[in-house]
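Okay, structure first, notes after.
Rule-based calculations on the coordinates, nothing more; no lab input. What you are looking at is a predicted structure, and each value in this text was computed from that prediction instead of being measured. Glycine also receives a Cβ, built like all others from the backbone with ideal geometry; neighbour counts cover every protein chain displayed.
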Amino acid sequence: MVVGLTRLVCRLFFRRVEVVGLENVPRDRGGVLVSWHPNGIIDPGIILATFPGQIAFGARDGLFRVPLFGLILRAAGAVPILRAQDQSESTSAEERRASNMRALDRLAEEVVAGRFSCLFPEGDSHDQPFLLELKSGAARFFYRAWQLSDPSGPPPALIPVGLHYDQKHAFRSHVLVEFHPPLELNAELDLPARPEVREASHRGRITELTRELERVLEEVVHATESWDVHFLMHRVRKLVRAERSWRAGAKLQRPSIRERQLAFARVWDGFRRLEATNAESLAAMRVRVIAYDDDLRALGLEDHELDRSPSVVRPGLALLAVARAFGVYFVLPPLLVLGVLAHLPALGLLWLVTLLGAKRAKDVASIKMSMGAVLLPLTWLVVAVLTYWGHARAHVLVPWVPDTPYLVSSVSVVFSILGGAFAVRYLRLSRETIRGLQVRLTRTRRRSTILRLRGERADIMDAIESMTAGLDLPGVVALDGRVVPDGVLRPADVLRE
């Protein structure tokens with residue numbers, strides 16, 4: 001029930017949830033999922049909603065004391081983990097170790113039984129583009145689960161999970177969940193913990209595995225040292241995509257979050273290699289890209305908008321115009337108004353709680369999703385009760401009004417939900433239309449600047465191709481400029497770089 005509810009809430013909150021790598025999850029044993037932690041309670045929720053098997057979480061002990069959320073954690077089978085910094089000073093080190101060992105053993109028993117556990121080894125959620133220092137708990141837990149497993153069977157799988165959000169705090173945004181292949185440990189780490197193994201040796205192995213997890217997770221999430229570098233890499237990604245599409249004469253389509261992340265991985269991997277082998281040229285390229293980015297930002301344009309303006313008449317708005325011509329003109333606006341008015345109190349309360357309660361950006365989506373899951377059904381219930389009561393009163397006062405309060409309340413709830421959904425869609429289409437008009441105006445007034453930037457974009461693209469020639473980067477490039485996973489395209493459809 002908890003998993004089903006989590007999936008429903010995630011589907012309502014996110015516009016699209018893409019999941020890749022399910023084939024990497026073994027079916028013959030249990031294992032440990034490890035992930036970074038950029039988005040509060042959304043992270044375990046999205047993993048729980050997309051994972052194909054049973055999963056148990058270890059959660060910070062304090063979360064179990066949060067009203068309602070604590071009940072959900074217990075119903076989901078989460079195990080409280082009492083961190084050292086959360087315990088009182090009077091608690092001895094031995095008591096802390098014993099408490100954590102009991103919690104780890106409860107989780108380890110799930111893994112031994114063939115199920116999976118999920119841990120966030122950073123120990124805290126955050127808003128950085130890089131990993132926080134990893135705690136040793138994940139490595140310690142992995143070896144403990146292995147120690148309790150059948151010696152004649154395979155060891156537990158250790159699976160890195162990548163979580164990628166395009167706008168992690170935004171309603172109706174996109175998320176990509178990547179389940180990577182189980183880690184292949186070297187000979188020194190690929191040994192279970194046994195009683196005969198010396199404590200110092202075991203601690204050393206835990207430390208080394210923690211370092212290995214940190215290295216792998218940095219690759220999985222494409223960690224950067226700052227947001228400036230992160231956004232600069234995305235600028236290169238968009239620049240390359242737009243220029244390739246322009247040269248191919250292809251119409252640039254909106255990329256999926258999977259394509260964006262794969263293209264970003266190419267930039268990230270190339271950046272790291274060039275940093276080690278050709279740092280001087282890379283530094284010069286960064287200066288050029290920063291200047292190009294500054295000019296684009298000054299114009300308020302994106303890379304692909306240098307080539308053509310976005311369509312002002314969006315397909316959705318055209319459909320609305322046709323529908324209005326056939327009579328919806330007098331139906332849709334009242335429906336939108338009904339949806340907005342019905343949800344306005346809940347949205348206002350949600351905005352206020354988010355404003356006051358979100359200490360960091362990573363808390364915004366958590367508050368929106370958890371409170372929205374309660375406030376929206378409550379809103380629909382209030383609409384049903386009020387319309388039922390109002391219609392019943394109207395029937396008493398005006399006898400010719402049909403005695404159908406259940407029907408009226410049900411229709412009111414449906415119209416409120418549809419009106420809210422249409423309002424969200426209408427708002428997005430309106431923003432895109434205004435954006436299209438702004439771009440057209442800029443392209444008309446700044447023709448010479450746009451021509452110069454198109455030339456600079458082409459020169460940067462040529463320099464990037466020259467610098468990365470011979471590098472084996474993730475994915476392959478299609479003839480129209482899209483980046484797709486290896487093995488998806490026929491050789492004839494792959495761009496020869």
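On the given criteria, is P474 in contact (Cβ under 8 Å) with a residue 40 or more places away in the chain and not in a helix (DSSP H, G or I)?
yes
Within region 155-164, is there a residue that is closer than 22 Å to I206 by Cβ and more than 27 Å from the chain's Cα centre (by Cα)? I'd like the intermediate steps shown before the answer.
Restricting attention to region 155-164, the residues satisfying the condition of being closer than 22 Å to I206 by Cβ are 155-161.
Okay, now just the ones that are also more than 27 Å from the chain's Cα centre (by Cα), so 155.
Yes, there is a match, as at least one residue in region 155-164 is closer than 22 Å to I206 by Cβ and more than 27 Å from the chain's Cα centre (by Cα).
Show me the strands (runs of 3 or more DSSP E) entirely contained within region 1-87 in which 2 or more residues are of a type outside the set (D, E, K, R), touching a residue at least 60 places away in the same chain (Cβ under 8 Å) and over 17 Å from G372 (Cβ atoms).
Passing ranges, in order: 16-20, 31-35, 55-60.
Take region 128-158 and flag every residue that is surrounded by fewer than 22 Cβ atoms within 10 Å (Cβ to Cβ) and assigned to a strand (DSSP E or B).
A157
So which residues in region 243-256 are assigned to a helix (DSSP H, G or I) and surrounded by fewer than 18 Cβ atoms within 10 Å (Cβ to Cβ), if there are any at all? Lay out the reasoning, then the answer.
Initially, region 243-256 is screened for residues assigned to a helix (DSSP H, G or I), giving 243-248.
Across region 243-256, the qualifying residues are R247, A248.
Does L209 count as under 30 Å from L347 (Cβ atoms), surrounded by 17 or more Cβ atoms within 10 Å (Cβ to Cβ), out of contact with any Cys (no Cβ under 9 Å at 6 or more places or on another chain) and of a type outside the set (K, R)?
It is false that L209 is under 30 Å from L347 (Cβ atoms), surrounded by 17 or more Cβ atoms within 10 Å (Cβ to Cβ), out of contact with any Cys (no Cβ under 9 Å at 6 or more places or on another chain) and of a type outside the set (K, R).
Among (1) over 24 Å from V17 (Cβ atoms); (2) out of contact with any helix residue (DSSP H, G or I) (no Cβ under 7 Å at 6 or more places or on another chain); (3) outside any loop (DSSP other than H, G, I, E, B), there is one condition L262 misses while meeting the rest; what is its number?
For L262, the exception is condition (1).
Please find, among L107, L163, the residue that is in a helix (DSSP H, G or I) and closer than 21 Å to T210 by Cα.
The conditions single out L107.
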